[in-house]
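Novice: Here it is: the structure, laid out below.
The values are calculated or read from the model by the stated rules, or taken from the named source; none is laboratory data. From a predicted model like this one, the values you see are computed outputs, not experimental measurements. Methodologically, a virtual Cβ is constructed for each residue, glycine included, from the backbone with ideal geometry; neighbour enumeration extends over all protein chains shown.
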């Protein structure tokens, strides 16, 4: 499978996060209107908003890794010779992946705890397992996207020689 095709497949995270953001904005606006102008608050809105926020944060983070949109302070790294710069970038990548793997393990344990205890939201009865599954899924997407972006960065630099 080519890298371009893989990038296209991985693009679903951006579609999901943008959809969740649109739902979040519309729901929040509607909740304000209903509460302050109609006098009848949307009582289930907070549960859906929580779900949307979790989805936006963790799915958009994967897209951020893919597009290189994360904040990086590379003032010193850019001043290093090419070989040292590549080494530092690989060390940072390895450290990031290790931390993300740790997050995948811990968040999966937490999501499984929500599954086994069968905890649900108060009003809509949505299992918390569904909401908190976005964390490990998002971390896996971050790992895949980060490794893919590093591979593409290094393969492009090889072509420029």
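Novice: On the given criteria, is residue 30 touching a helix residue (DSSP H, G or I) at 6+ places or on another chain (Cβ under 8 Å), surrounded by 17 or more Cβ atoms within 10 Å (Cβ to Cβ), free of Cβ contacts under 8 Å to residues at least 40 places away in the same chain and within 28 Å of residue 128 (Cα to Cα)?
Specialist: Answer is no for this residue.
Novice: Continuing with this model, one more query. From (1) modelled with pLDDT of 90 or more; (2) touching a helix residue (DSSP H, G or I) at 6+ places or on another chain (Cβ under 7 Å); (3) farther than 23 Å from residue 121 by Cβ; (4) surrounded by fewer than 16 Cβ atoms within 10 Å (Cβ to Cβ), pick out the condition that doesn't hold for residue 38.
Specialist: With respect to (1) modelled with pLDDT of 90 or more; (2) touching a helix residue (DSSP H, G or I) at 6+ places or on another chain (Cβ under 7 Å); (3) farther than 23 Å from residue 121 by Cβ; (4) surrounded by fewer than 16 Cβ atoms within 10 Å (Cβ to Cβ), residue 38 is out only on (2).
Novice: Among the residues of the range 66-86, write down those that are surrounded by 10 or more Cβ atoms within 10 Å (Cβ to Cβ) and either assigned to a helix (DSSP H, G or I) or on the phi > 0 side of the Ramachandran plot (or both).
Specialist: Matches in the range 66-86: 66, 67, 68, 77, 84, 85, 86.
Novice: Would it be correct to say that residue 111 is closer than 30 Å to residue 20 by Cβ, more than 15 Å from the chain's Cα centre (by Cα) and assigned to a helix (DSSP H, G or I)?
Specialist: Numbers: closer than 30 Å to residue 20 by Cβ: yes; more than 15 Å from the chain's Cα centre (by Cα): yes; assigned to a helix (DSSP H, G or I): yes.
Against the criterion (closer than 30 Å to residue 20 by Cβ, more than 15 Å from the chain's Cα centre (by Cα) and assigned to a helix (DSSP H, G or I)), residue 111 qualifies.
Novice: Give the number of residues within the range 33-49 that are more than 20 Å from residue 15 (Cβ to Cβ), in a helix (DSSP H, G or I) and touching a residue at least 60 places away in the same chain (Cβ under 8 Å).
Specialist: The total comes to 1.
Novice: Scan the range 122-144 for residues that are touching a helix residue (DSSP H, G or I) at 6+ places or on another chain (Cβ under 9 Å) and outside any helix (DSSP H, G or I) and jot them down.
Specialist: 122, 123, 124, 126, 127, 133
Novice: Which one of 93, 52 is part of a helix (DSSP H, G or I), in contact with a helix residue (DSSP H, G or I) (Cβ under 7 Å, 6 or more places away or on another chain) and modelled with pLDDT of 95 or more?
Specialist: Exactly one of 93, 52 is part of a helix (DSSP H, G or I), in contact with a helix residue (DSSP H, G or I) (Cβ under 7 Å, 6 or more places away or on another chain) and modelled with pLDDT of 95 or more, namely 52.
Novice: What is the one condition in (1) in contact (Cβ under 8 Å) with a residue 40 or more places away in the chain; (2) crowded, with 17+ Cβ neighbours inside 10 Å that residue 147 does not satisfy?
Specialist: So the condition that residue 147 fails would be (2).
Novice: Just to be sure, is residue 11 under 23 Å from residue 155 (Cβ atoms) and out of contact with any helix residue (DSSP H, G or I) (no Cβ under 6 Å at 6 or more places or on another chain)?
Specialist: Values: under 23 Å from residue 155 (Cβ atoms): yes; out of contact with any helix residue (DSSP H, G or I) (no Cβ under 6 Å at 6 or more places or on another chain): yes.
So residue 11 passes the test.
Novice: Please count how many residues of the range 87-122 are surrounded by 14 or more Cβ atoms within 10 Å (Cβ to Cβ) and touching a residue at least 60 places away in the same chain (Cβ under 8 Å).
Specialist: Residues that pass the stated criteria total 2.
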